[in-house]
Number of protein chains: 2
Amino acid sequence: MTSTTTLSLDDCVKADAVDPLREFRREFAIPEGVLYFDGNSLGARPIAAQECAARVIGDEWGNGLVRSWNEAGWFDLPVRLGDKLAPLLGAGEGEVVVTDSTSINLFKALASALSIAAAQDPSRKVIVSERDNFPTDLYIAEGIISLLDQGYELRLIDQPGDLTEAVGPDTAVVMLSHVNYRTGNLYAMTEVTAAVQERGALMIWDLAHSAGAVTVDLSGADADFAVGCTYKYLNGGPGSPAFIWVNRRHQNTGIQPLSGWWGHARPFAMESAYEPGAGIRRFLSGTQPITSLSLVECGLDVMLKADMADIRSKSLALADLFINLVEERCAAYGLELITPRAHERRGSHVSFVHPEGYSIMKALIARGVIGDYREPGVLRFGITPLYLGYADVWNAVDVLRDILENKSWDRPEFRERDAVT
Amino acid sequence: MTSTTTLSLDDCVKADAVDPLREFRREFAIPEGVLYFDGNSLGARPIAAQECAARVIGDEWGNGLVRSWNEAGWFDLPVRLGDKLAPLLGAGEGEVVVTDSTSINLFKALASALSIAAAQDPSRKVIVSERDNFPTDLYIAEGIISLLDQGYELRLIDQPGDLTEAVGPDTAVVMLSHVNYRTGNLYAMTEVTAAVQERGALMIWDLAHSAGAVTVDLSGADADFAVGCTYKYLNGGPGSPAFIWVNRRHQNTGIQPLSGWWGHARPFAMESAYEPGAGIRRFLSGTQPITSLSLVECGLDVMLKADMADIRSKSLALADLFINLVEERCAAYGLELITPRAHERRGSHVSFVHPEGYSIMKALIARGVIGDYREPGVLRFGITPLYLGYADVWNAVDVLRDILENKSWDRPEFRERDAVT
């Protein structure tokens, strides 16, 4: 295969050799023949996860039985893992819990934020978000609006640039994804938070595509609430529990309506009246899925050994390389980049639109290059610096070019829609 | 050791030999030296769970990676497991999903039920429950009442017998645990549901201590909503996801405010407006913890091989034996039975109150007889016919008698409170 790019595979191999994160790949189980560009959807499996699960299931559950609530520290896992995750979010101890799903945690954040906003100014009835936000965020906002039935409305902007204009004296809360799931657009957290708060609204960030992917500084930005997931860049395993961060100034105010017993001040006193626990514990609700929750620690333990600045700079370099190679080698085939080029506006995935995007992605996956497809027409490639290298990017684009050149995506089996895309 | 009971260990050994469920014990990993009477808190580990976890983590996550959402059927797990669980609840296909926690599912059920009740008669503002209900149920009711801020109130009865009097023309919803977590009291589901519905209210059952423990017939009772957990008698593993059952007549009406993307009619179309899926799928919310969720199937697979009528009749026989032995052999030591004696009023655990209950339970656990303690003063013993036999009951009571006779609970280490009781 001849290369038409100004950068050769050889250059990539050399870049890998001096990559300070190169050794991290050994911590992950990547199947033979797979180039995995979907860690932004489901992170790869840390090698240690298998042993961790065997310990939780064999020793803690099997032998410890109910005693493990104390002896294995199950009950405190959401708080302990939250504290462990906190540095990756620019957060402090006692500010994060790992629990429930992102959707459920967003409901808690919205309910709290709306009640705090209403206490200050009940005339603020608007939740501002983005039409292109991850759908579950918008659906949950719709859910709470419909439940409350108090005249709240959801105002959706069409472009990131429309934000400040959309936030006004009627706005209670702004709810945005820090990194957009489709385009990879990255908001300037500090500036946006400040602009929102200056206009008298509260700021909720969804960090699903940020945690472990880009540098996050919730404390520096002095945001109000944040939620996010652990199964993408944090490699916690399929559907592993999500997290919620609450600024200390809001932890003991506002309504947290999913007030299950894990959030009670004295859960084992079995009192009939709810009294919220102090601090972040109030944001816990019911009993947590301990096996899935325990696996979150394996992913965090790997991530915390790396330097987040190294991860970010390699992520940007790999994504630049991906974009450059696609533009040089696949220029003839109609791929349109929808990810911002500017580093300060870009998360850790790269997306291209193509009218045949769905079939092209299926053809890629059949060749072992696993990215994913998002409506409408988006080919998404996640950049995960702990287990991807420069040569991987070169090889992935090489397969992409071959598929496009030979139109090998144009087969019936690549048109057939899967239930989950 | 001499026995003062009319029933000897020998009789128990003989009863075990002809027990039709005896072979099920081999399906569970019970540690050497443990008599496990806490399956009502955390069910024992099915042997198959270890292999199941290794498959989910190694093959499905590790090798399948993101492809497993389709290829391993992850996305449909909540519905598939719900259909599998349904027969144990007297429910049909498409009526149950296994998802989230009991607390979260109760919030969904309450929100739906209240909105349905309000559509019929907005003046009905009372939720009736029981002061002695499992606390999280009451806390969640408080949470939704406080969030809605529409004049709802929680009315708590002090005795099961007070129920019908408490339900009147002001009542929107009645929410009860079918089997009481403390006393083991069992409500007559069909009669209570009919009485509640005759008074114009909706009936929500919490089946946490019922599913897999007693015969349940939600369809026969024509109840409105039910929730419950899978980590007790269903042996799904620590904190494994809970379930929600919704009567078909309510599935497409009412508000389900935790409207995450898994409940959308077309979750992967990534539409910005929420459109609920048809039927029970509307009660899904966010992404589920696949490892913990997958393990639920191991417990169900064992349970479904047994006959629920055999389980129930052995449960009653073991509990009768436990009660009789305690009353005969421990009569001098002040244990007071708080579990109903009548079979039709009793679930699958037996509880005694004792002023030194906490220390006695710690002494029992130190001797390998694992029950648990619940405030105030309650020693709780779960009866799980799949892995407990008649001789186990005899041996457990023998240890209890010894501890009481020798006052060996009266030690500092047995007074020290654990974080989780």
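Brief remarks on what is shown
- Any hit, segment B:7-16, residues being part of a loop (DSSP other than H, G, I, E, B) and either closer than 30 Å to A:LYS232 by Cβ or more than 9 Å from chain A (Cβ to nearest Cβ) (or both): yes
- Filter result for B:GLY347 (surrounded by 18 or more Cβ atoms within 10 Å (Cβ to Cβ), among the small types (Gly, Ala, Ser), under 28 Å from A:ALA269 (Cα atoms) and within 14 Å of another protein chain (Cβ to nearest Cβ)): no
- When segment A:295-305 is limited to residues that are touching a strand residue (DSSP E or B) at 6+ places or on another chain (Cβ under 8 Å) and either more than 11 Å from every other protein chain (Cβ to nearest Cβ) or not aliphatic (A, V, I, L, M) (or both), the one that is farthest from A:ILE57 (Cα to Cα) turns out to be A:VAL302.
- When segment B:371-396 is filtered for residues that are crowded, with 24+ Cβ neighbours inside 10 Å and of a type in the set (S, T, N, Q), only B:THR384 remains.
- When every residue of segment B:121-129 is checked against the conditions, none turns out to be at the interface with chain A (Cβ under 9 Å from one of its Cβ atoms) and in contact with a Lys or Arg (Cβ under 7 Å, 6 or more places away or on another chain).
- Selection within segment A:113-138 - of a type in the set (Ser, Thr, Tyr) and either under 30 Å from B:PHE268 (Cβ atoms) or in contact with an Asp or Glu (Cβ under 6 Å, 6 or more places away or on another chain) (or both): A:SER129, A:THR136
- Boolean, A:GLU344 is modelled with pLDDT under 95 and either within 23 Å of A:GLY43 (Cα to Cα) or not small (Gly, Ala, Ser) (or both): no
- The residues of segment B:68-78 that are surrounded by fewer than 21 Cβ atoms within 10 Å (Cβ to Cβ) and more than 7 Å from every other protein chain (Cβ to nearest Cβ), listed by number, are B:GLU71, B:ALA72, B:GLY73, B:ASP76.
- Candidates A:LEU138, A:LEU114, A:LEU106: the one that is surrounded by 20 or more Cβ atoms within 10 Å (Cβ to Cβ), farther than 28 Å from A:THR291 by Cα and facing chain B (nearest Cβ under 9 Å) is A:LEU138.
- Filtered by the rule that a residue be under 28 Å from the mean Cα position of the chain (by Cα) and basic (Lys, Arg), segment B:247-281 gives B:ARG248, B:ARG249, B:ARG281.
- Filter result for A:VAL56 (β-branched (Val, Ile, Thr) and without any contact (Cβ under 8 Å) to a residue 12 or more places away in the chain): no
- Hits in segment A:368-414 - residues which are within 14 Å of chain B (Cβ to nearest Cβ), closer than 15 Å to A:GLY39 by Cα and touching a residue at least 60 places away in the same chain (Cβ under 8 Å): A:GLY368, A:VAL369, A:ILE370, A:GLY371, A:ASP372, A:ARG374, A:ARG380, A:PHE381, A:GLY382, A:THR384, A:TYR387, A:LEU388
- Residue that is nearest to B:LEU65 (Cα to Cα), among those in segment A:20-66 that are surrounded by fewer than 18 Cβ atoms within 10 Å (Cβ to Cβ) and of a type in the set (Asp, Glu): A:GLU32
- When the residues of segment B:141-178 are filtered to those that are of a type in the set (Gly, Ala, Ser) and within 11 Å of chain A (Cβ to nearest Cβ), the one that is farthest from the chain's Cα centre (by Cα) is B:SER146.
- Residue that is crowded, with 22+ Cβ neighbours inside 10 Å and either closer than 18 Å to A:THR384 by Cα or modelled with pLDDT of 95 or more (or both), where the choices are A:LEU325, A:LEU335, A:LEU304: A:LEU325
- From the list B:GLY368, B:GLY357, B:GLY347, the one residue that fits, being more than 26 Å from B:LYS14 (Cα to Cα) and not hydroxyl-bearing (Ser, Thr, Tyr), is B:GLY357.
The values are calculated or read from the model by the stated rules, or taken from the named source; none is laboratory data. This one's a predicted model, so the numbers in the text were calculated from it and none came from an experiment. With ideal geometry, Cβ positions are generated from the backbone for all residues, glycine too; neighbour counts draw on all protein chains shown.
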